[in-house]
1. Taking one equal scatterer on every alpha-carbon of region 36-75, how large is log10 of I(q)/I(0) by Debye at q = 0.20, 0.26, 0.27, 0.35 1/Å?
2. At a Cα cut-off below 19 Å, give the aspartates and glutamates reachable from Lys44, other chains included and same-chain residues fewer than 8 away excluded.
3. Ignoring ligands and nucleic acids, what accessible area does Phe34 show with a 1.4 Å probe (Å², nearest 10)?
4. ³J(HN,Hα) across region 91-101 via Karplus (A = 6.51, B = -1.76, C = 1.60, θ = phi - 60°), whole Hz, x for Gly/Pro?
5. Could you go through region 73-80 in sequence order and give the Karplus-derived ³J(HN,Hα) for each residue, using 6.51 cos²θ - 1.76 cosθ + 1.60 with θ = phi - 60°, rounded to whole Hz, and x for Gly and Pro?
Amino acid sequence: MRHIALASFILAVIVSAAGAAPIAYNLPEETAAFRPGPNLDVVKNNCTGCHSADYINTQPQGPKYKKDFWQAEVTKMIKVYGAPIEEADVGKIVDYLAATY
């Protein structure tokens with residue numbers, strides 16, 4: 001009897017969700033943009049699924065924050081945050097960040 005009640009409840013939820021109206025909302029305006037640079041398309045394709053250019057602008061910048069720094073950041077995005085970045089794109093992203101920021 002419990003299984004029938006549960007199945008009926010699940011079916012009711014599915015039927016009501018199928019008729020749900022889409023939700024419309026406005027996104028906030030961009031406050032930063034990715035700077036032009038090598039492999040910009042690879043960066044946009046991989047990074048913007050999780051964060052905007054604003055996040056990159058908040059990272060330390062200067063001569064000592066170049067390739068090694070950005071390699072560690074990209075590795076952290078993959079290993080800690082689970083960013084789905086293909087191995088072939090890692091070097092391109094690091095090169096872009098090191099050359100541009």
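1. -0.70, -1.14, -1.20, -1.21
2. Answer for Lys44, where 19 Å is the Cα cut-off: Glu29, Glu30, Asp54, Glu73, Glu86, Glu87, Asp89, Asp95, listed by chain and number.
3. So the heavy atoms of Phe34 present about 30 Å² to solvent.
4. For region 91-101, the Karplus-derived couplings read x, 5, 5, 4, 4, 4, 5, 5, 7, 10, 10 Hz, x marking Gly and Pro.
5. For region 73-80, the Karplus curve yields 5, 5, 4, 4, 4, 6, 7, 8 Hz.
The values are calculated or read from the model by the stated rules, or taken from the named source; none is laboratory data. Keep in mind that what you see is a predicted model, and the values were worked out from it rather than measured. Areas reflect the complete protein model, heavy atoms only, side chains present, ligands, DNA and RNA absent. Shrake-Rupley method; radii C 1.70, N 1.55, O 1.52, S 1.80 Å.
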